[in-house]
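Just so you know, all these numbers are worked out from the coordinates, no wet-lab data involved. Note that the coordinates shown come from a computational prediction; the quantities given were computed from them, not determined experimentally. Don't worry about glycine lacking a Cβ; one is built from the backbone with ideal geometry, like all the others, and counts go over all protein chains shown.
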Amino acid sequence: MTVGGFFSALIVGIVIGYLGRWLAPGKSRGNARIGFLLTIVLGIVAALAGTAIAHGLDQDRFIAVFPIQIAAAALFVTGFRALAARSR
């Protein structure tokens with residue numbers, strides 16, 4: 001991953017976090033609530049993970065990488081909610 005790809009993944013991560021949160025099934029309850037900062041962090045991590053997955057699949061075009069990043073964010077948000085609900 002190039003430096004430009006890293007920084008674009010960070011910027012896109014903010015948008016990805018909110019899209020993943022919006023697409024994740026279920027509502028936030030109790031301790032499973034995800035705040036603004038955590039949404040951004042999950043989005044950035046998901047964007048970086050999605051970029052790495054896309055590059056592993058030999059996909060370098062934004063139109064192919066973006067849906068993978070969104071799916072990764074939805075999985076990260078859903079996983080975080082499940083872990084947070086379990087720890088209650």
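Between Leu75 and Phe7, the modelled label-to-label distance comes to 2.9 nm, taking each label 7 Å out from Cα in the direction of the beta carbon. By the beta-carbon count within 10 Å of each Cβ, the least crowded to most crowded order of Arg81, Arg86, fewest first, is Arg86, Arg81. The modelled label-to-label distance between Ile53 and Leu38, using points 7 Å beyond Cα along the C-beta direction, is 2.1 nm. Spin-label model, Leu83 to Phe62: label points 7 Å out along the Cα-to-beta-carbon direction sit 3.0 nm apart.
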